[in-house]
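To keep things clear, I will list the structure first and then write my remarks on it.
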Amino acid sequence: MKWLELRIPPPLVAGFFALLMWLAAAWIPALDFDFPGKLPISLAVAAAGVAIGLSAAFGFRRAKTTVSPFAPQESSALVITGVYRWTRNPMYLGMLAILVAWALWLANAASFFLLPLFMLYLNRFQISPEERALQARFGGEFERYRRSVRRWL
């Protein structure tokens, strides 16, 4: 399955999982639940996800390095400031937060079960190859960063 590494844009993967979540909620209405404040909570989590993702992208722009998920070997700088002090993958964390907001909005337990699959996919086919490329490019500097900052949170 190595051929899947760095092939599908992560936002497209997130969109696919959002569709799966919607389908799961539609197919298994018995797992619907209701809770007060669904709209403001969903919007707040989505806004946090967008803020995390944008902060990460701006960090890459400030460092004048690539944001392309297909060419991590072309990175010209290792970004370890800002939101990168708490997570090595804030753009993906932002996408996950948006999917959590979507699951909250759908208010169906089945949609939540797909979130770990999204993370597993990204870990295997996006993050691991990126980290191998960063290790090759930045060596000990990346290794120190990898040891001090968690992959997701």
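Just so you know, all these numbers are worked out from the coordinates, no wet-lab data involved. Treat the numbers as computed from the prediction; the structure is a model and nothing was measured.
How many percent of the alpha carbon pairs in the chain exceed a separation of 19 Å? Summing the P(r) tail past 19 Å for the chain gives 56 percent. Note on the chain: with a GNM built from Cα contacts shorter than 10 Å, the maximum mean-square fluctuation among 112, 125, 33 falls on 33. For residue 108, the residues whose modelled amide H falls within less than 5 Å of its own, excluding neighbours fewer than 5 places apart on the same chain, are 33. Roughly what angle does helix 38-62 make with the longest principal axis of the chain, taking Cα atoms, 0 to 90 degrees, to the nearest 10? Taking the Cα atoms of the chain, the angle to 38-62 is about 10 degrees. The angle between the Cα long axis of helix 128-138 and the main principal axis of the chain comes to about 20°, on a 0 to 90 degree scale. Principal-axis analysis of the Cα atoms of the chain puts helix 90-106 at an angle of about 0° to the longest axis. Applying 0.36 nm per residue to the separation of residue 128 and residue 55 and subtracting their alpha-carbon distance, the gain on full extension is 24.1 nm.
Computed from backbone phi with θ = phi - 60° and the Karplus coefficients 6.51, -1.76 and 1.60, the 3J(HN,Hα) list for segment 9-23 is x, x, x, 5, 4, 4, x, 4, 5, 4, 5, 4, 5, 4, 5 Hz; x is used for glycine and proline.
Rounded to the nearest Hz, the phi-derived 3J(HN,Hα) couplings of segment 142-149 under the Karplus curve 6.51 cos²θ - 1.76 cosθ + 1.60 (θ = phi - 60°) are 5, 4, 5, 5, 4, 6, 9, 10, where x marks glycine and proline.
Based on the alpha-carbon gyration tensor of segment 1-79 and its eigenvalue square roots a ≥ b ≥ c, which shape applies: rounded if a/c is under 1.5, prolate if not and a/b is larger than b/c, or oblate?
Details: a/c = 5.06, a/b = 1.62, b/c = 3.14.
Oblate shape, in that a/c is at least 1.5 and b/c is the bigger or equal ratio.
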